[in-house]
Amino acid sequence: MQPFDGTQLIDIVIIATLLEWAALSLLRHRRQRGLPQLAIAGTLLPGLCLMLAVRSAMQGLPWYAVASLLSAAGLAHLIDIRRRWTPQSEPEPNQLMQNEPKQNMKEL
């Protein structure tokens, strides 16, 4: 007797991911620090869509249901990359030089 079949294992991972999302959101709300909601969603949503696509394929859902979930995963991933890849998040080269500690010539 198998303890779990494939879809049950995916269900467990989906539930664990949703619990992680809830825990991170709750910590953010209570402590006012941590990842913003958009960052949490951008990190977890593509994986959830992929897991749902695999689960749908295993259950024999129509190809367009699986394709829709795969497309949603890809779109969520691209949005997350675009959100992270902003010019304002990268310091200017002259700012890097200003933030470096100045060494005393005697220390060299």
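Compactness ratio of the range 6-99: Cα Rg over 2.2 N^0.38 Å, N = residue count? Kindly include the intermediate steps, with their values, before the conclusion.
Details: Rg = 17.5 Å, N = 94, 2.2 N^0.38 = 12.4 Å.
Taking the Cα Rg and dividing by 2.2 N^0.38 Å, one obtains 1.42.
Fewest to most neighbouring Cβ within 10 Å: what's the order for 63, 21?
Listing 63, 21 from fewest to most nearby Cβ atoms yields 63, 21.
With unit charges on the beta carbons (Lys and Arg positive, Asp and Glu negative) and the dipole taken about the Cα centre of the range 6-99, which residue among 22, 56, 7 sits farthest to the positive side?
Farthest along the dipole direction, towards plus: 22.
At 10 °C and a viscosity of 1.306 mPa s, what translational diffusion coefficient does Stokes-Einstein give for the range 23-78, taking Rh as the Kirkwood radius over Cα pairs? Give it in µm²/s as a whole number.
The calculation lands on 129 µm²/s.
Any read-out appearing in this document is the output of simple, stated calculations on the displayed coordinates, not a laboratory observation. Just so it is clear, the structure is predicted and the values come from calculations on it, not from any experiment. Please note: Cβ atoms are built from the backbone with ideal geometry, for glycine as well, and neighbour counts cover all protein chains shown.
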